[in-house]
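In what follows, a structure is listed as structure tokens, so that the remarks can point back to it.
The values are calculated or read from the model by the stated rules, or taken from the named source; none is laboratory data. Just so we're clear, the structure is a prediction, and the values are computed from it rather than from any experiment. Note that each Cβ is placed from the backbone with ideal geometry, even for glycine, and that neighbours are counted across all protein chains shown. Protein only, heavy atoms only, side chains kept; ligands, DNA and RNA dropped before computing areas. Shrake-Rupley method; radii C 1.70, N 1.55, O 1.52, S 1.80 Å.
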Amino acid sequence: MTLQGGLGPALLPANLHEKPAEGLVATIVYGRPGTPMPPWKQFLSEAEATWIVEKLMTEFPK
Ligand code: HEM
């Protein structure tokens with residue numbers, strides 16, 4: 001909710017901007033096996049995950 005991290009890493013632009021967007025999209029869609037990051041593919045399309053990454057890497061939420 002705050003994007004500051006906790007169980008997972010902070011999802012702020014400063015933390016994400018050097019990471020390839022397609023890898024972040026894959027993390028959301030498929031999760032990171034062996035970590036608490038779950039896959040979201042039952043709930044989100046790849047296009048929706050791409051939209052989330054674009055927002056996280058720029059100004060979301062203002
Ligand atoms: C819709 C909700 C979520 C989104 C959009 C999301 C997104 C992300 C993204 C983009 C990363 C990669 C960050 C990076 O590489 O810097 C990540 C990593 C991670 N997330 Fe999530 N996440 C969500 C929910 C959760 C939940 C519910 C948990 C745990 C209960 C979680 C745990 C983690 C962990 C532990 C990592 C790091 C994995 C590693 O060590 O490689 N995430 N998440």
Quiz item: Suppose every K and R has +1 on its Cβ and every D and E has -1 on its Cβ; what is the size of the dipole of the range 13-57 about the Cα centre, in Debye to the nearest 20?
Solution: 160 debye
Quiz item: What figure in square angstrom, to the nearest 10, would you give for the accessible area of Lys19 with a 1.4 Å probe?
Solution: 100 Å²
Exercise. Leaving ligands, DNA and RNA out of it, work out the accessible area of Glu22 with a 1.4 Å probe and give it in Å² to the nearest 10.
Key: 150 Å²
Quiz prompt | Contour minus Cα-Cα distance for Glu22 and Gln42 (0.36 nm per residue) | solution = 5.3 nm
Practice problem: For the chain, list log₁₀ I(q)/I(0) at each q in 0.29 Å⁻¹, using the Debye formula over Cα point scatterers of equal strength and ignoring solvent, two decimals each. | Solution: -1.43
Quiz item: What distance in nm separates the simple spin-label points at Tyr30 and Thr2, each placed 7 Å from Cα in the Cβ direction?
Solution: 3.2 nm
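Helix-only estimate, please: 222 nm mean residue ellipticity of the chain, summing -39500 (n - 2.57) across DSSP H runs of length 4 or more and dividing by its residues, to the nearest 500. Write down the numbers at each step before the final one.
Working: 3 runs with 26 residues, N = 62.
Taken over the chain, the calculation gives -11500 deg cm²/dmol.
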Quiz prompt | Residue among Gly8, Gln42, Thr58 farthest towards the positive dipole end of the chain, charges placed on Cβ | solution = Gly8
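Probe of 1.4 angstrom, ligands and nucleic acids ignored: what's the accessible area per residue over the range 13-57, in square angstrom?
Here the per-residue accessible area is 71 Å².
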Quiz item: Carbon and sulfur atoms: what percent of the 1.4 Å accessible area of the chain do they account for?
Solution: 63 percent
